[in-house]
Amino acid sequence: MKAVLKKGFGIGGRIARTLAADPAPSFPFGTAEYWMEQALLQSMESVGRAQPNPAVGCILVQNQQFIGRGSTRAWKQEHAERVAFSGIDPGANLHEAVAYVTLEPCTHQGFQPPCVNLLLQSPIPKIVIAVPDPDPRVNGAGIRMLREAGKTVEVGILGPEARAWNLNFFMTRETGRPLWAAKWAQTLSGHLCDASGHSKWITGAESRAHVHWLRQKYDSIVVGARTFLLDQPQLTVRDCAEPHHRSPERFVFDPKGRTLDLPSERRVGFRILVCESELRARAGGIESGIIPVPAPVDSPELWGVFRQVLESLEFPRPLQSVLVEGGPGLLQELLKHDFFTVVHRFVGARSFETVSEEHRMAWAPGEGWSFQTDEEIHGDRLHEWIKEV
Ligand SMILES: NC(=O)c1ccc[n+]([C@@H]2O[C@H](COP(=O)([O-])OP(=O)(O)OC[C@H]3O[C@@H](n4cnc5c(N)ncnc54)[C@H](OP(=O)(O)O)[C@@H]3O)[C@@H](O)[C@H]2O)c1
Ligand SMILES: [Zn+2]
């Protein structure tokens, strides 16, 4: 099966960049792909900072050299084009320059003025765009305005790669709902842990660092109660390449309230979603950080209610995406209930001595899933799928 994204790219961007700054170029120097890859690398500087804005990169090139570059600042602040134009080399001649942007310039007044005006007011003759903006207020209008002004506009260079990198933005624009992504690490036989529930370490340090990078992309992370109890995961961003802009909001799905017996300091930094019926059975009030889910434990409506409760909570910025990091019990239920439109699957070379069937992921991509990424990360494999909606 052939992956959609070009070699070296995944939903987390240019994969080598997530492990170290300045990765080797993927394309011959001076080609449109070469420069668009530079713009995409520039956009990766905004990981975890731009959301819910798309993390965009813009570079300005004259005589095959950078004369300006920028990436989206924090939400409500400057877009990539404005940053690039504000720092142009003093000796640059824009009449001979080309702008490479990973997303169609915006045409609407939001928290920032429209970027397309910057390009229209500048003498720059050529703009290369990776992918059109799906926002209904833009949606081709930026490209049209630039062409009508007599500029040369090329669209589609590294388009799938740029869309995958900002998939959370694209999908929420297209569906109006937050995107849910699954991530797991399995052995070749599909097991996520051994029979006694130990999962350290199926994959190597580099794959785990790449997961930290992925976490920054997502606004929130969920794990199951058993994973929380057994692994005591931190779920923070620590080991990937800089920048480290944020760690996501962390949640535990714990319908039966198993984690409530822990000393409360073990739950610091996590919010725990527990069925209301289980909370009622307990003495004392509901502590802060415990979120009641108004559905019975084994009811069919539990999953829909859980989703609705989580999606309507308060977040530092509007919620765009949720990453579920396991374990197998939670992942299989959510796959069954059709939560996900993204799967990040790591396959490690190691195997366990004892295994149990309940910890094996029996998932195979069904209809609608498209295979995006097939990459080696230091001896492990990363497979990614997107379900188009
Ligand atoms: N390799 C990896 O990527 C990876 C990632 C994470 C974890 N792990 C491993 O996975 C193991 C834990 O996985 P797990 O599958 O045992 O648990 P889990 O997925 O961590 O937790 C599942 C949670 O969902 C609840 N649940 C499951 N099915 C349900 C249903 N039909 N109705 C209501 N609630 C339901 C469970 O309830 P109960 O409280 O009743 O069980 C539990 O709270 C650990 O050993 C961990 O090391 C591996
Ligand atoms: Zn803009």
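The values are calculated or read from the model by the stated rules, or taken from the named source; none is laboratory data. Please read all numbers here as calculations on a predicted model, not as lab measurements. Positions of Cβ are generated from backbone atoms using ideal geometry, with glycine treated the same way; all protein chains shown enter the neighbour counts.
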Inset, instruction - Collect the residues in region 189-205 that are surrounded by fewer than 20 Cβ atoms within 10 Å (Cβ to Cβ) and either within 21 Å of Gly10 (Cα to Cα) or within 16 Å of ligand 2 (Cβ to nearest atom) (or both), keeping them in residue-number order. - result: Gly204, Ala205
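So, restricting to helices (runs of 4 or more DSSP H) that lie completely within region 150-243, which ones have at least 2 residues that are more than 14 Å from ligand 1 (Cβ to nearest atom) and modelled with pLDDT of 95 or more?
Details: elements: 159-165, 167-175, 205-217, 225-231.
The qualifying helices (runs of 4 or more DSSP H) are 159-165, 167-175, 205-217.
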Inset, instruction - Just need a number here: residues in region 282-333 that are part of a loop (DSSP other than H, G, I, E, B) and either under 23 Å from Leu167 (Cβ atoms) or acidic (Asp, Glu) (or both). - result: 14
Inset, instruction - Would you mind stating whether Leu302 is crowded, with 21+ Cβ neighbours inside 10 Å and not assigned by TED's automatic domain parsing to the domain that holds Gln51? - result: no
Legend entry - Count of region 28-48 residues which are out of contact with any Lys or Arg (no Cβ under 6 Å at 6 or more places or on another chain), outside any helix (DSSP H, G or I), among the small types (Gly, Ala, Ser) and closer than 22 Å to Pro248 by Cα: 1
Inset, instruction - Select from region 241-275 the residues that are touching a Gly at 6+ places or on another chain (Cβ under 9 Å) and of a type in the set (A, V, I, L, M, F, W, C) and write down the one among them that is surrounded by the fewest Cβ atoms within 10 Å (Cβ to Cβ). - result: Val268
Inset, instruction - Please find, among Glu161, Glu174, Glu148, the residue that is of a type in the set (Asp, Glu), out of contact with any strand residue (DSSP E or B) (no Cβ under 9 Å at 6 or more places or on another chain) and closer than 21 Å to Lys387 by Cβ. - result: Glu174
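From Ala50, Ala99, Ala32, grab the single residue that is assigned by TED's automatic domain parsing to the domain that holds Val153 and surrounded by fewer than 22 Cβ atoms within 10 Å (Cβ to Cβ). Walk me through how you get there before you give the answer.
Values: Ala50 fails: surrounded by fewer than 22 Cβ atoms within 10 Å (Cβ to Cβ); Ala99 fails: surrounded by fewer than 22 Cβ atoms within 10 Å (Cβ to Cβ).
Result of the check over Ala50, Ala99, Ala32: Ala32.
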Legend entry - Number of the condition not met by Pro296 [criteria: (1) under 27 Å from Val268 (Cβ atoms); (2) free of Cβ contacts under 8 Å to residues at least 60 places away in the same chain; (3) over 21 Å from the mean Cα position of the chain (by Cα)]: (1)
Inset, instruction - Report yes if some residue within region 31-44 is over 30 Å from Val322 (Cα atoms), aromatic (Phe, Trp, Tyr) and without any contact (Cβ under 8 Å) to a residue 24 or more places away in the chain; otherwise report no. - result: yes
Legend entry - Matching residues, region 91-101, being out of contact with any Asp or Glu (no Cβ under 9 Å at 6 or more places or on another chain) and either of a type in the set (S, T, N, Q) or near ligand 2 (Cβ under 10 Å from one of its atoms) (or both): Asn93
Legend entry - region 109-123, subset surrounded by 16 or more Cβ atoms within 10 Å (Cβ to Cβ) and within 21 Å of Phe170 (Cα to Cα), residue nearest to ligand 2 (Cβ to nearest atom): Cys115
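So for region 49-57 (the condition being modelled with pLDDT of 95 or more, in a strand (DSSP E or B) and more than 16 Å from ligand 1 (Cβ to nearest atom)), does at least one residue qualify? Before the answer, list the steps.
Step one: filter region 49-57 for residues modelled with pLDDT of 95 or more, giving 49-57.
When the remaining residues are screened for being in a strand (DSSP E or B), the result is 57.
Adding the requirement that they be more than 16 Å from ligand 1 (Cβ to nearest atom) leaves 57.
Within region 49-57, one or more residues are modelled with pLDDT of 95 or more, in a strand (DSSP E or B) and more than 16 Å from ligand 1 (Cβ to nearest atom).
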